[in-house]
Structure formats: structure tokens, C-alpha cells
1. Quick one: what are the phi-derived ³J(HN,Hα) couplings along segment 145-157, Karplus 6.51/-1.76/1.60 with θ = phi - 60°, whole Hz, x for glycine and proline?
2. Sort largest first and round to whole Å: the equivalent ellipsoid semi-axes of the chain, each the square root of five times a Cα gyration tensor eigenvalue.
3. So, by mean Cβ neighbours within 10 angstrom, what's the order for 76-85, 45-54 with the highest one leading?
4. Might you report the magnitude of the Cβ-based charge dipole of the chain about its Cα centre, with Lys and Arg at +1 and Asp and Glu at -1, to the nearest 20 debye?
5. Placing +1 at every Lys and Arg Cβ and -1 at every Asp and Glu Cβ, with all other atoms neutral, what dipole size does segment 149-228 have around its Cα centre, in debye to the nearest 20?
6. Rounded to the nearest 10 degrees, what's the angle between the helix 194-221 long axis and the longest principal axis of the chain, both from Cα atoms, 0 to 90?
7. State the answer as a single residue: which of Ser141, Ile190, His214 lies farthest towards the positive end of the charge dipole of segment 72-225, with beta carbon charges of +1 for Lys and Arg and -1 for Asp and Glu, about the Cα centre.
8. Among the listed pairs Lys56/Lys109; Lys59/Lys98; Lys12/Lys155, give every one whose C-alpha distance is greater than 22 Å.
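The values are calculated or read from the model by the stated rules, or taken from the named source; none is laboratory data. Predicted model, so just to flag it, every value in this text is computed and none were measured. As a convention, Cβ positions derive from the backbone with ideal geometry for all residues, glycine included, and neighbour counts pool all protein chains shown. All accessible areas refer to the heavy atoms of the entire protein, side chains included, with ligands and DNA or RNA removed. Shrake-Rupley method; radii C 1.70, N 1.55, O 1.52, S 1.80 Å.
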Amino acid sequence: MKETMLYETIFKRKSIRKYDLTPMNEDVLNEISNHIQNLKPMYENIKTEISVVAHKDIKGLMAIKAPHYIVAYSEVKEGYLPNIGFMLQQIDLYLSAKGVGSCWLGLAKPAKEILAKSQLEFVITLAIGRAMEPLHREGVSEFKRKTLTEITDIKDRGELLEAARLAPSATNSQPWFFKGGEGLIHGYCIKHNLVKAMIYERLNKVDMGIAFCHLWLAAKNQGRAVVFIADETAREDRPKGYDYTATASIE
């Protein structure tokens, strides 16, 4: 699927919480599995495994029941949580564009026998299936998101940052703030107190990758290339109450 279609889906995508529990057609599942093999990572040097499993293979606190789930595992190294968010958001948008519902699940995890099949660390799950509610939003006005001025002090990257603004996040916390200029956009994640960090820190790092995925797709839509780097100056110049995540270098 062309990245332009993924970009267009950003502006109507929604989290689906009600599913037809009938298993999807094998051809559809195979198509999804094939698409997973071609995902673009934020960082090429991080090993990942992403696969589709059945309803019976997922345990944990699940308010959302679906016929299938996508589970993501990763090598543990710097940037691995944003990297998984970046990759899975491509699947999320792909599914929405193809007429399949999906929803990020922070507390669900694979059963022990499924976890044992991977040597990597389990990170997060997506519920997927045929939606039993409207699949798309009618327009951007239906999104409940912070304004651009609340998430950035950059004045001239409106289209890129509007796409990032619409990204989904854990409990809609929208933990990001963006600074930069001259082809660089620095992403920062909100820093929680000890209690909140136990619940949100890991998920919010995944969220940062989701927002960066939207920003990357918006840049691609303009015909521009993006490379993700670590910028030590930006790390030191972080806004109060935020930690540095990564920098998008845009050509």
C-alpha cells in the first residue's frame, strides 16, 4: 500500500473497541502478515518480531475482545519502545485503510506458550478484526486532541506536526512536545512522577514512536526524506517536565 494512503488515513482513523468475533478470512490474515514483513523501522539496528495470533492466545486485562491480535516483541536497546510504536502504527493505519478495525492494548499480553516462542521482549498488542461500529471518523473535528500550540513551539511545520498531533496515545495522554528548526524536529516525552511513571512511562515511549510515524508519513507526503537521530544538544535543551526521545532530520 502506498504511503500516501496511510497518510490520508491519519485524518479519519479511530480506535475500534467493538468487534465481530468471527475469525477473519485466512487470505486477509496472510495479507496482513505479509505487510508486517515490509514495515519501516525508526532504527534499522533493533531486532523485532511482529505476528498475528488468535483470541485464545492473549491473556491479561482486556476490556476489548477481538478475533485476532497483533503482538510485538523487540530486542531491548536504546529507542526500542518508540521503534515498536513507529512500526505498529504503520499496521494500524494500513488496517484502517483496508477496512479492518484495530486498537492499541496496553495491558493485554500473550499467553505463556506464545511468549516462549520468542527470545525477544514482549512490548505491546493491537486488537484487530471486523468493526462492529463506524470504522472512521467523519473529520478532524471528531478528534479530541491538544492544539498545535500546546504540543510545539515550532512555527513553520504545521502540516507535519498536525499529523503528529492526531496520533493515538495511551489514555489519550498525548505525552509529546516538539521543538526544532532548520530541518530538525526534536521530540520530547512528558516526565511523570514515580507513581504515574509505573503506569505510563513505558506506554508513553511507545506513543512517541506513533507520533513520529505520523510525522514521517506527512514528510513523505511532501516528498521529503526523514532520518531519526540522537541530538545531544536537543537532549540537553529539553523543555521543563519532559525527557528527550529522538530527532527527526528532514531533508
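1. So the J values, rounded to whole Hz, are 9, 5, 6, 4, 5, 8, 10, 7, 10, 7, 9, 10, 10.
2. Values: eigenvalues 158, 82, 60 Å².
Three semi-axes, in Å: 28, 20, 17.
3. Details: 76-85: 21.1, 45-54: 16.0.
The peptides rank, most packed first, as 76-85, 45-54.
4. Numbers: 34 positive and 31 negative charges, 157 e Å.
In total the dipole reaches around 760 debye.
5. Details: 10 positive and 8 negative charges, 41 e Å.
Here segment 149-228 has a charge dipole of around 200 debye.
6. On a 0 to 90 degree scale, this one is about 80.
7. Farthest towards the positive end: Ile190.
8. Lys59/Lys98; Lys12/Lys155
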